[in-house]
1. I'd like the full set of residues that are loosely packed, with under 10 Cβ neighbours inside 10 Å and in a helix (DSSP H, G or I), limited to segment 144-153.
2. Inside segment 26-125, counting only helices (runs of 4 or more DSSP H) that do not spill past its ends, which hold 2 or more residues that are out of contact with any helix residue (DSSP H, G or I) (no Cβ under 8 Å at 6 or more places or on another chain) and surrounded by 10 or more Cβ atoms within 10 Å (Cβ to Cβ)?
3. Out of (1) outside the structural domain of residue 29 (by TED's automatic domain parsing); (2) in contact (Cβ under 8 Å) with a residue 40 or more places away in the chain, what's the single condition that is false for residue 72?
4. Taking only pairs six or more apart or across chains, which ones have beta-carbon atoms under 6 Å, a first residue in segment 54-69 that is under 15 Å from residue 34 (Cα atoms), and a second residue that is modelled with pLDDT of 90 or more?
């Protein structure tokens, strides 16, 4: 009986270990929220795709890092982004931070496109509108010379 007690204790201990290991790895199977995944660029292998649409080994490694930071270390979305930026640089973020030159560089093309469209519209308006009659002016044809008016009348009488 004395020999069986340590064996039973060891067997009981071995039965409890796997459940503890599964609980420790539970965070590795949790899904990453889509808004977190779509805010990160896969930069590990140079594919530079948004993490939510990338499915290679480097993307899986980045997902593992994000899972660890979110579920094991308890970070929120902004803290995960800050961590990834500190490790991989700001090129890992899908959208630039709303500060400094990055924000200006992000918004400038949109402002330039709208400004260019306004300039084209104003240029076309000045080019096309002068040929049209302004408000208050007559839209009728210009008067013709009396000599040509008589010839026109004769021609119309002859053929009509």
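1. 146, 147, 148, listed by residue number.
2. The qualifying helices (runs of 4 or more DSSP H) are 57-67, 77-88.
3. (1)
4. Final answer for the pair search is 66/80.
The values are calculated or read from the model by the stated rules, or taken from the named source; none is laboratory data. Note that the coordinates shown come from a computational prediction; the quantities given were computed from them, not determined experimentally. Note that we place each Cβ from the backbone using ideal geometry, even for glycine, and neighbour counts take in every protein chain shown.
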